[in-house]
1. Could you pull out the residue among Asp71, Asp31, Asp7, Asp21 that is in contact with a Gly (Cβ under 9 Å, 6 or more places away or on another chain) and not small (Gly, Ala, Ser)?
2. Which numbered condition in (1) surrounded by 15 or more Cβ atoms within 10 Å (Cβ to Cβ); (2) touching a residue at least 60 places away in the same chain (Cβ under 8 Å) is the only one that His194 fails?
3. Being more than 20 Å from Thr4 (Cβ to Cβ) and either in contact with a strand residue (DSSP E or B) (Cβ under 7 Å, 6 or more places away or on another chain) or open to solvent by less than 70 Å² (accessible area, probe 1.4 Å) (or both) is the filter here, so list the residues in the range 53-66 that pass it.
4. Identify, by number, the condition in (1) part of a helix (DSSP H, G or I); (2) in contact (Cβ under 8 Å) with a residue 60 or more places away in the chain; (3) farther than 25 Å from Ile18 by Cα that Lys103 doesn't meet.
5. Just checking, which of Arg76, Arg82, Arg109 is under 20 Å from Ser152 (Cβ atoms), of a type outside the set (A, V, I, L, M, F, W, C) and touching a Phe, Trp or Tyr at 6+ places or on another chain (Cβ under 8 Å)?
6. Take Val94 and tell me if it is assigned to a helix (DSSP H, G or I), touching a helix residue (DSSP H, G or I) at 6+ places or on another chain (Cβ under 8 Å) and within 15 Å of Leu156 (Cα to Cα).
7. Looking at Ala69, Ala73 in this structure, which one is surrounded by fewer than 17 Cβ atoms within 10 Å (Cβ to Cβ), part of a helix (DSSP H, G or I) and small (Gly, Ala, Ser)?
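The values are calculated or read from the model by the stated rules, or taken from the named source; none is laboratory data. From a predicted model like this one, the values you see are computed outputs, not experimental measurements. Here the Cβ positions follow ideal geometry from the backbone for every residue, glycine too, while neighbour counts run over all protein chains shown. These area figures cover heavy atoms from the full protein model, side chains too; ligands, DNA and RNA do not enter into them. Shrake-Rupley method; radii C 1.70, N 1.55, O 1.52, S 1.80 Å.
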Amino acid sequence: MTATIADTIYNALSQKIITGDLPAGEKLRQDHIARDFETSHVPVREALLRLEAHGLAKSEPRKGMRVTALDPAEVREVIEMRVALETLAMQHSVQNMTPAALKVADDARKACDQAENMPQWEARNRVFHRAILTPCGLPRLLHAVDDLHIASARHLFAHWRPKWVQRVDTDHAAIIQALKSKDVSAATSILVRHIRRAS
């Protein structure tokens, strides 16, 4: 699937919001964004609506679209939703995990461990979580999980960026081991602990 200009704008802006380069309260001006991306207002509007759908921006009457503030209650809700949905996906994923899918997941784990900075790690961490859950074969569930990862990524940055260090993620390694032995109980319990620990 080829990326549209709206996808490009959405990805660029969401990354800036997640990393804190666009702070809470910052105004997202359609004309400025259109000029920066050398495009019309139509894809910009589409990208802004997607930011709003993911809780990264909010349209205010007569004020336009602004970057939302991090809400601790929303962070807790996202963590609880991730625990519920990723556990469900993992239960199906363990049963359907092929050697090829396991290799993809393990490669993603290694790439995550080798990340040299927080933005690189966060992007690769999302790839790892997607890789361990994709074999579940439930596209709507995976789409919901992807949305939650975008929401939690912003909190991860705010919380962990000052103290981030390159390290081997022992939880990721333990999840891979559980997947290799098709141990549903171990895979899900490690995943739950891992999600809660990151919060």
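1. Asp71
2. (2)
3. Answer for the range 53-66, where residues must be more than 20 Å from Thr4 (Cβ to Cβ) and either in contact with a strand residue (DSSP E or B) (Cβ under 7 Å, 6 or more places away or on another chain) or open to solvent by less than 70 Å² (accessible area, probe 1.4 Å) (or both): Gly55, Lys58, Ser59, Glu60, Gly64, Arg66.
4. Of the numbered conditions (1) part of a helix (DSSP H, G or I); (2) in contact (Cβ under 8 Å) with a residue 60 or more places away in the chain; (3) farther than 25 Å from Ile18 by Cα, the odd one out for Lys103 is (2).
5. Arg109
6. In short, no.
7. From the options Ala69, Ala73, the qualifying one is Ala73.
Yes or no, residue by residue, for (1) out of contact with any strand residue (DSSP E or B) (no Cβ under 8 Å at 6 or more places or on another chain); (2) surrounded by fewer than 16 Cβ atoms within 10 Å (Cβ to Cβ); (3) charged (D, E, K, R):
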{"residue": "Ala108", "(1), (2), (3)": "yes, no, no"}
{"residue": "Gln114", "(1), (2), (3)": "yes, yes, no"}
{"residue": "His129", "(1), (2), (3)": "yes, no, no"}
{"residue": "Thr134", "(1), (2), (3)": "yes, no, no"}
{"residue": "Leu142", "(1), (2), (3)": "yes, no, no"}
{"residue": "Asp146", "(1), (2), (3)": "yes, yes, yes"}
{"residue": "His149", "(1), (2), (3)": "yes, no, no"}
{"residue": "Ala153", "(1), (2), (3)": "yes, no, no"}
